[in-house]
Amino acid sequence: MKLQKTLLASAIVIASLNAHSAAFQLNETSASGLGRAFAGEAAIADNASVVSRNPALMAQFTEKQLSVVATYVDPGVDVEGVSAPTLVGEDFDVSQMDANGVVPPALIPAMYYVNPVNEQFAWGVGFNSNFGLASVYDEDYVAGSIGGTTDLLTMNANLSGSYKINDKFAIGLGVNVIYGQAELSRQAGATLENGISHPNPLVGELVPPVPRDTEIIRMEGDDIAFGWNIGATYQINENHRLGFNYRSSSEVDFEGDYTSISGATEPGHLAIDLPEIFEFSGYHQISKKTAFHYSAMYTGWSSFETLEAYVYSDESSPVFAKEESFNNTMRYAVGVTHEYSPELTLRAGIAYDESASTTHPSISIPDSDRKWLTAGGTYQLKENSSIDFAIAYVDGDEVHLSEQDALLETVVGGAPALEPLLGDTSWSYTSEGNALLLSVQYNVAF
């Protein structure tokens, strides 16, 4: 049971760290927003996607509107080996640690509806994902205990209302239902492929060989959580508007099955916090056809301080408890919108996005500071319908990281006397990632 719990804890900490890196925060709420690097999102009311960023903006609508969004994300995340644990051998070729395209492409859907009831009140609903990503390494990958497969998905359903207090001020309030689903698997990797033998041949083998594709842990679980958001807008005049939005933190307590290297499965759970988010934006019509906008977004990752995982057979103490230190992050964006013609509006933007996981980076989803370059536009199909399109390139900085082999940590935890025989137990890497995003959105008013 101790070995099973230790393996479970090692896998859970890897999954959870990556699930709460900035790389898992999805800003891709709309094609119109992507085209301007999501600058001004809390102050611009150009379609029903305002439900996702600032419900107070629904007060700007005079007719019902529906928006449907699809965003394709093609990441290019590569890791390159620098050094390996001692047990893999002196002649080990670190190029075996190299892996390209570890994050698979993804399609992110969203849908929003706004219904103005009268001049003061409007309500709306939205469906989108705020967190989610995946990484996949081959089952026989050399660092299988820290690679493997990590898959996290959250879907957010939001019901919001807005109230126009006067010609200057409007407020909005929303409630959120969040569904989260997680799947994790890890393999043994190459560290114990030859087992561990005592220096004295008379003592012999201490740990038997473990094939690198041996599955040492599998975790699957889901949960439903709740949160809320509030927003406000201040209309300086018809050409200038300020807005802010606050989204609360939410606790997701993943419940499901945990399977250890022995093949035994037992139910357990792990509670993690989705961070609070605060966004301030400005929109300024600087000429008849051109507008300038900006945003500053704060994400409270520091709420993620500790990890505690439990199995239901023993709720008296966690199977794993560890102090963590994630950083609060800022995202800054500026953008411009230009009416090229009555049918075509063009957008462009740039953004800088800080990393949250500077203390504990991981190869499961390597995270880094990122720069965004985006462009897009809106084409008016008919008087009451339009289509938005956008393209973005996200460039991540190079990251140097080192992780302890989770299986070797388990060996030490189960038999501390083996520690002197293990040598260095860490994998060291450099990592660099980028992404290409393409988004399309259909809007119809009625």
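Counting only strands (runs of 3 or more DSSP E) that fall entirely inside the range 331-446 and contain at least 2 residues that are under 28 Å from VAL102 (Cα atoms) and touching a Pro at 6+ places or on another chain (Cβ under 7 Å), the qualifying elements are 399-404, 426-445. Check whether at least one residue in the range 416-429 is at pLDDT 90 or above, among the aromatic types (Phe, Trp, Tyr) and surrounded by fewer than 16 Cβ atoms within 10 Å (Cβ to Cβ), and report yes or no. For the range 416-429, residues at pLDDT 90 or above, among the aromatic types (Phe, Trp, Tyr) and surrounded by fewer than 16 Cβ atoms within 10 Å (Cβ to Cβ): absent. Taking the range 357-381 as the range and being surrounded by fewer than 21 Cβ atoms within 10 Å (Cβ to Cβ), more than 14 Å from GLY33 (Cα to Cα) and either of a type in the set (A, V, I, L, M, F, W, C) or at pLDDT below 90 (or both) as the test, the residues that pass are THR358, THR359, HIS360, ASP369, LEU381.
Only one of the numbered conditions (1) in a loop (DSSP other than H, G, I, E, B); (2) of a type in the set (S, T, N, Q); (3) touching a helix residue (DSSP H, G or I) at 6+ places or on another chain (Cβ under 9 Å) is not met by SER287, and that is (3).
Is it fair to say GLU354 is in contact (Cβ under 8 Å) with a residue 24 or more places away in the chain and closer than 22 Å to PHE278 by Cβ? First the steps, then the outcome.
Values: in contact (Cβ under 8 Å) with a residue 24 or more places away in the chain: yes; closer than 22 Å to PHE278 by Cβ: yes.
Judged against the criteria, GLU354 is a match.
A single member of GLY89, GLY101 is at pLDDT below 90, under 30 Å from SER197 (Cα atoms) and surrounded by fewer than 16 Cβ atoms within 10 Å (Cβ to Cβ), and it is GLY89. With respect to the conditions (1) without any contact (Cβ under 8 Å) to a residue 60 or more places away in the chain; (2) of a type outside the set (Lys, Arg); (3) more than 24 Å from PHE121 (Cβ to Cβ), ALA45 falls short on a single one, namely (3). Of the residues making up the range 114-144, those that are under 19 Å from TYR179 (Cβ atoms) and not small (Gly, Ala, Ser) are VAL125, PHE127, ASN128, ASN130, PHE131, LEU133.
The values are calculated or read from the model by the stated rules, or taken from the named source; none is laboratory data. Note that this is a predicted model, so its numbers are computed, not measured. A quick note on method: Cβ atoms are made from the backbone with ideal geometry, for glycine too, and the neighbour counts reach across all protein chains shown.
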